[in-house]
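Single-structure report; data block below.
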Amino acid sequence: MTLSGIAAAAAASASAIRRLLDGAIPIGGIYHLDFETATVLTNDDWKREAAGVPRGSFLIATTLRNDNQGSSADDDELILLRVEGLGSLPNQAELVETRMDTMRAMTEQNRPAADVLDPYTQGQIQWSALDCRVLGTFYDDVVRTHPFVEWGSDIDNLYSAARYVVYKPSADTLSFVSSYPLATAEELILGVTPNRIRIGFVRYSSTRRRSRASGSDNVPVYVRVADFVSMKDRSIRHDSVGEIEHDEDHSDSCFPAFAHDGHAHWSTPF
């Protein structure tokens, strides 16, 4: 199977990382970042434009701009985040109080929020925060003159959080991330096209109304057959009468960024 879409573009681009921002939708910025967690500031309008941000979503934080303007070579990296839940804003108590007053007025007066609130207050109460886990960093590398997207399972620097813009990746980039690596550095050097198979689709939630409307409900996940062979993806042990005792799944070994944390994030097509 030949590389296509984002993978082919990344392999041919002088800055493969920048191509991963193609089609990405900004959903906010970071106001707190450390080496393990990030808090993303967002609002209802941005989440609506991105067709929702369900729990478990992969997000990309970067100081790069997706129009490639005003960026330096040091910015050429993408921090991969995963949404774990809602966070708290510094003015959270004030927001909750305003929302309670609004709900009370809507109920008592039987009027929509737009008739109860002035435009400024209506805009302010739409802000919210997302707690995210830092999974690692995608960055540019070169393998024998071939541009290559490298992955590290941490981050090696922290800029002022106000510099980072957070994006919901496009369907092509999400497939690239969830199927990484599409080809190894060794395969690029040897000019070998890896044998890949599709094992399923990225699914963040069983409710798929918004993902279907946005055309992102069937993002394919591919695996390299060599990874499963080398990891002996299924160990089947037989007891003394020949019955299967257990079936061990080694998918975590093939997908280090996909370690189980209680939330399914890909599903089989069956």
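The values are calculated or read from the model by the stated rules, or taken from the named source; none is laboratory data. Since the structure is predicted, the reported quantities are computational estimates derived from the model, not experimental observations. Every residue, glycine among them, receives a Cβ derived from its backbone with ideal geometry; neighbour counts consider all protein chains shown.
Looking only at residues of segment 207-226 that are assigned to a strand (DSSP E or B) and among the aliphatic types (A, V, I, L, M), we find that the one that is surrounded by the most Cβ atoms within 10 Å (Cβ to Cβ) is V219. Is it true that L33 is surrounded by 12 or more Cβ atoms within 10 Å (Cβ to Cβ) and more than 29 Å from the chain's Cα centre (by Cα)? So L33 fails the test.
Total residues in segment 151-191 satisfying the condition of being outside any strand (DSSP E or B), buried (at least 16 other Cβ atoms within 10 Å of the Cβ) and of a type outside the set (S, T, Y): the figure is 13. If the condition is being outside any strand (DSSP E or B) and either touching a residue at least 60 places away in the same chain (Cβ under 8 Å) or among the small types (G, A, S) (or both), then segment 117-150 contributes G123, Q126.
Pairs are defined by a Cβ separation below 8 Å, a sequence spacing of at least 6 or placement on different chains, a first member in segment 151-162 that is modelled with pLDDT of 95 or more, and a second member that is exposed (fewer than 12 other Cβ atoms within 10 Å of the Cβ); no pair meets this definition.
Picking from residues in segment 132-150 that are aliphatic (A, V, I, L, M) and under 20 Å from L190 (Cβ atoms), the one that is surrounded by the fewest Cβ atoms within 10 Å (Cβ to Cβ) is V142. All told, T107 falls short of being surrounded by fewer than 17 Cβ atoms within 10 Å (Cβ to Cβ) and in contact with a helix residue (DSSP H, G or I) (Cβ under 7 Å, 6 or more places away or on another chain). Restricting the search to helices (runs of 4 or more DSSP H) fully inside segment 1-102 and requiring at least 1 residues that are modelled with pLDDT under 80 gives 5-12. Of all residues in segment 191-218, those being within 26 Å of E77 (Cα to Cα) and free of Cβ contacts under 8 Å to residues at least 60 places away in the same chain number 1.
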